[in-house]
Amino acid sequence: MTLLTLSASLHGLKPSCDENTACHPTGPQTGIFYMGLYLIALGTGGIKPCVSSFGADQFDDSDEAEKESKSSFFNWFYFSINIGALVASIVLVWIQTNVGWGWGFGIPSVAMAVAVVSFFSGTRMYRNRRPGGSPLARLCQVIVASLRKFRVQVREDNSSLLYETVEEESIVKGSRKLDHTNQFNFHLSK
């Protein structure tokens with residue numbers, strides 16, 4: 001966001017325009033602008049899937065009160081994301097159109113800086129759950145198992161096949177087995 005703010009604010013990074021000629025940015029101006037966009041895309045892609053999971057890790061599923069708070073957290077989390085998108089679509093577009101692009105990029109940059117400082121100021125209070133096992137090994141296990149069992153016929157009463165092992169606890173440290181539910185049944189038609 002800082003690079004976009006600078007490319008919209010500093011005269012050396014903006015294309016020089018005359019009223020009679022079209023504006024064309026130089027190579028470095030275009031490069032800085034696209035570098036800012038790519039860094040935003042990279043940062044967004046890295047943080048989006050992690051934020052909600054990290055928030056969910058702050059609640060203990062074995063405590064009923066925290067289990068309810070977890071549900072409320074997700075409601076407020078997605079509500080806040082949508083309100084942020086609404087404000088950005090209305091207020092920031094108006095600011096960019098009527099005040100200037102520098103302000104339009106500068107306000108979200110300051111908001112992001114405040115959010116980062118706020119996040120890191122609470123670091124000592126967070127619950128950090130260690131991931132159990134390698135995610136790539138788990139992914140490979142699933143792919144290999146599905147390829148081996150692709151043509152296996154499943155009995156009608158498949159409740160005994162819910163888990164491959166009969167242990168109560170999950171094999172992977174830090175994770176738990178999910179309870180059986182008929183809500184998401186999948187039947188392959190012949």
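The values are calculated or read from the model by the stated rules, or taken from the named source; none is laboratory data. Only a predicted model underlies this, so the values are computations on that prediction, with no experimental measurement involved. Please note: Cβ atoms are built from the backbone with ideal geometry, for glycine as well, and neighbour counts cover all protein chains shown.
Between Ser62, Ser52, the distinction of being under 30 Å from Arg176 (Cα atoms) and at pLDDT 85 or above belongs to Ser52 only. The residue pairs whose first member lies in segment 1-28 and is over 28 Å from Ala115 (Cα atoms), whose second member is assigned to a helix (DSSP H, G or I) and among the aromatic types (Phe, Trp, Tyr), and whose beta carbons are closer than 8 Å, counting only pairs six or more residues apart or on different chains, are Pro25/Phe33. Lys67 meets the conditions (1) more than 24 Å from Ser170 (Cα to Cα); (2) modelled with pLDDT under 85; (3) among the charged types (D, E, K, R) in every case but one. The failed one is (1). For segment 114-148, taking the residues that are modelled with pLDDT of 85 or more and charged (D, E, K, R), the one that is farthest from the chain's Cα centre (by Cα) is identified as Arg148. One residue stands out among those in segment 159-179 that are part of a loop (DSSP other than H, G, I, E, B), more than 24 Å from the chain's Cα centre (by Cα) and exposed (fewer than 10 other Cβ atoms within 10 Å of the Cβ): the one that is modelled with the lowest pLDDT, which is Glu164. Applying the criterion of being surrounded by fewer than 10 Cβ atoms within 10 Å (Cβ to Cβ) and of a type in the set (S, T, N, Q) to the residues of segment 48-70, the residue that is nearest to Thr5 (Cα to Cα) is Ser53.
Residue-wise test of (1) more than 21 Å from Ser109 (Cα to Cα); (2) loosely packed, with under 13 Cβ neighbours inside 10 Å; (3) among the hydroxyl-bearing types (Ser, Thr, Tyr).
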{"site": "Leu6", "(1), (2), (3)": "no, no, no"}
{"site": "Cys17", "(1), (2), (3)": "yes, yes, no"}
{"site": "Thr30", "(1), (2), (3)": "no, no, yes"}
{"site": "Tyr34", "(1), (2), (3)": "no, yes, yes"}
{"site": "Ala41", "(1), (2), (3)": "no, yes, no"}
{"site": "Ala85", "(1), (2), (3)": "no, yes, no"}
{"site": "Ser89", "(1), (2), (3)": "no, yes, yes"}
{"site": "Gln96", "(1), (2), (3)": "no, no, no"}
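Just one of (1) under 21 Å from Gln58 (Cβ atoms); (2) among the polar types (S, T, N, Q); (3) assigned to a helix (DSSP H, G or I) fails for Ser109. It is (1).
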